[in-house]
Structure formats: structure tokens, C-alpha cells
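Student: Quick one: the structure is below, questions incoming.
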Amino acid sequence: MADSPSELKQNMKQIRAKAPLRVGFSGGGTDVSPYSDQHGGAVLNATINMYAYCFLSETEDGQISLRSRDYGNDISYPVGYQLPIDGNLDLFKHIYNRLAVEFSPAIKPFRLVTHSDAPYGSGLGGSSTLVVAVIHALAEWWRLPFGEYDVARLAYRIEREDAQLKGGKQDQYSAAFGGFNYMEFYGDRVIVNPLRIKEKTLHELQGSLLLCFTGRSRESASIIESQIHNVCTGVTQAVEAMHEVKRDAFEMKEAILTNRLDRFSEILDRAWQNKKRIAGSISNPEIDALYNYAKAHGAKAGKLSGAGGGGFIMFAVDPVDKYDLRNALSANGHRTLDINFTREGALAWSA
């Protein structure tokens, strides 16, 4: 006996996927070409319990539908192996086009919906993390056998080659692998080194960090373009600063592995001062004022997470003083979030 329409609908496949956002401690920018090609890059970062989500549902309407809850876009196209790049959710379509052409799956109609826990321009790697989540959802849907390196490489190529978006490599690898990682970049070669950190160190570090939204999101592309220009033209201050933030990432890794968190805070603050020398637009008077305000109310150190110019700034504080710092920032009109580290990278499953 044939299934009824309601039974068929109930049997239609549902895919869920999520990928974790990250905080960057030091080394950001050294994962961007041409610096990573010429000198090698190194980044220390960790994923946190904020995510980009992707939901994929099989449909029967002959359409491929894409919806971003963050941007409010909702578009549909007839089923095919290529979707038009027309200014509407083009990054999603670049993901679909690359996978459909490269892996030739059986194409069926579906609806894909995304949203993220972080606002646009947060500095937490949201755009790349969303790409990783969408790749995982499509890979689950099409049964593509991807590992973490496969997903991260694909995400990077889609963003940098297909969509022509400026940026580095750390966000894709952080989202794909998850956890606390020291990453090395040598041209096209990436090495992800997961760190085995003592539980008491992780708990103390987690209790010592506070995220604060600067009140403005930023467009990272122009900052990264300035950074690339400085490297290509050999601006001494910028190149030397990138050498320094790479060294800061290595020394910060050593401080965490040996449970020297006061030393970690010292390097975090130094890393921020070095990062500001890479490009003039990384900081601004509002960010400097917030940084100074937090330092006056108990913060030991602070650093923007991401390319700079806005988004979230991360403060290190004695856990005993964290409550007072949070209240002071709130009284000054700033939203704060606690950091909770995660161990898992991106994943997808059938509902």
C-alpha cells in the first residue's frame, strides 16, 4: 500500500548543522596571504559556546530556497546545479555551486535556513563559521565524506576564491575542528595543533575572561585590505608588528600550557598593542576609551577579537573582580558575555 501524502511529508529528510564561533587570543592577521606565504603564520584561538546554525529540509516544490534569519533574506530558484550570483545571499550560492559542480550529487529540492548567535561584524569569525555550518549540512544531505581539513579547505576556497572575500584561514579551521588550538600557516599548508590544557587551567581562564560588545560592528575587508597593502609594500612597522603578534601567540600558548595565567594576561595586552600597529584602522578613539575604562575598573588586559575596528573586545580580569567589571561596563552602556569554551567542532545530523 502506497504512503499517504501526510506520511510522505513526515518521511522527508531534515538536516541540522552547527559550527562554533571562536575568540582569537593572538596571531590574527598572520594567517592572511601574503604574510603567511612569505613568513609563515601562527594563531592561538579557542571555540566558545556561540554557534552558527543551518537547517535543511527536503521539499517537493521544485525549488532550492535559501533564507538568512540574520539578514532577513528569503529567496528561491528552480532546482539546478548552478544558482545565479545576483547579489542575494551570494555566499550561500557560492557554497552550493562549488559543492554541486565539484561533487555532482543527486539534486533534489530543499529549503535551507541559517542564523547565528553573534551579530554581524562581531569579530568572532561568524561569516566563515556560517560557511562551515552550511557545508556540513549539504555534506550530510548529499552524503559527502568530508573530514575537518576537507571542510576547512573548502570553506576557505569558497570565501577567498569564489566569493572573492578578503580574509585569512583561522576561522574556517577553528569552526571545523573546535577546541583550543595553536594553528600554523605556511602558504597553502595548515597545521592544527590541539592543545591539551589542564582542566583547572581552562576553568580559571574561562572565569577570567569577559566579552564586551563595543557597540559597533565592523567591516573587516577594508582593514584586511590595508594589512595586505602594508605587507606587499613592505611597511616596516606593520611587518614587524605581525612578527610580534606571531611571537605573542607562541608565548601565550606556552603560558597556558604551564598554567601561568598572569603571564597570559601580560601577553594578551602586549598582543593588542602590537596588533594596533599592523593597520591604523584596527582601533579608534571609542575602542581606546572603552579599553581604558575597563582597565580603570579592574581589567588586567584587553584585546579586540577579529580583524579590528569594532565587534567584541575580550577583557582578562581576576575572577574575583569579574562581577564588578561586568557591572561597570553595563553601567557604561555596554553588553557583556561570559566565555565558555567548547571542545567540539562543526557537526551535522539527520533529525
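Values quoted throughout were computed directly from the atomic coordinates according to the rules given, and no laboratory measurement underlies them. What you are looking at is a predicted structure, and each value in this text was computed from that prediction instead of being measured. For neighbour counting, all protein chains shown are included, and Cβ atoms are generated from backbone atoms with ideal geometry for every residue, glycine included.
Student: Picking from GLY309, GLY167, GLY72, which is most flexible by a Gaussian network model of the chain using Cα springs under 10 Å?
Tutor: Largest GNM mean-square fluctuation: GLY72.
Student: Same structure again: Note down the net charge around ARG157, summing +1 for each Lys or Arg and -1 for each Asp or Glu among other residues with Cβ under 12 Å from its Cβ.
Tutor: Its environment carries a net charge of -2.
Student: Would you work out the Kirkwood radius for segment 199-338? I mean one over the mean of 1/r across all pairs of different Cα atoms, in Å.
Tutor: 15.6
Student: Work out the FRET efficiency for ASN292 and ASN73 from their Cβ-Cβ distance, taking R0 = 51 Å, and round it to the nearest 0.05.
Tutor: Efficiency at R0 = 51 Å is approximately 0.85.
Student: Provide the descending list of Cα extents for the chain along its principal axes, expressed in whole angstroms.
Tutor: 72, 45, 36
Student: If I model a spin label as a point 7 Å beyond the Cα along the Cα-Cβ vector, how far apart are those points for ASN259 and SER222 in nm?
Tutor: 4.7
Student: Under 19 Å between alpha carbons, and skipping anything fewer than 8 positions from LYS198 in its own chain: which lysines qualify?
Tutor: Here the lysines satisfying the reach criterion relative to LYS198 are LYS253.
Student: Right, next: Which of the pairs LYS166/LYS300; LYS200/LYS276; LYS93/LYS276; LYS13/LYS166; LYS275/LYS300 have their Cα atoms more than 24 Å apart in this structure?
Tutor: From LYS166/LYS300; LYS200/LYS276; LYS93/LYS276; LYS13/LYS166; LYS275/LYS300, over 24 Å: LYS166/LYS300; LYS200/LYS276; LYS93/LYS276; LYS13/LYS166.
Student: May I ask you to compute the full-extension gain from TYR186 to GLN164, defined as 0.36 nm times their residue separation minus their alpha-carbon distance, rounded to one decimal in nm? Walk me through the numbers on the way to the answer.
Tutor: Values: separation 22, 0.36 × 22 = 7.92 nm, distance 2.06 nm.
Working it through step by step, the gained length comes to 5.9 nm.
Student: Most fluctuating residue of ASN327, ASN97, ASN45 in a GNM of the chain with Cα springs under 10 Å: which is it?
Tutor: Among ASN327, ASN97, ASN45, the largest mean-square fluctuation in the Gaussian network model of the chain belongs to ASN327.
Student: Now for a different question. Order these by the 10 Å Cβ neighbour count, fewest first: ILE135, ILE282, ILE339.
Tutor: ILE339, ILE282, ILE135
Student: Using r as the Cβ-Cβ distance of ASP61 and HIS115, and R0 as 25 Å, what FRET efficiency do you calculate, to the nearest 0.05?
Tutor: Efficiency at R0 = 25 Å is approximately 0.70.
Student: Take each complete run of DSSP H in the chain, measure how far its Cα atoms stretch along the helix's own axis, and keep only those covering 15 Å or more with mean Kyte-Doolittle hydropathy at least -1.0; list them.
Tutor: The qualifying helices are 90-103, 126-142, 220-232, 236-257, 285-296.
Student: Could you work out [θ]222 nm for the chain from helices alone, using -39500 (n - 2.57) per DSSP H run of at least four and dividing by all its residues? Round to the nearest 500 deg cm²/dmol.
Tutor: Roughly -12500 deg cm²/dmol at 222 nm, from the helical runs in the chain.
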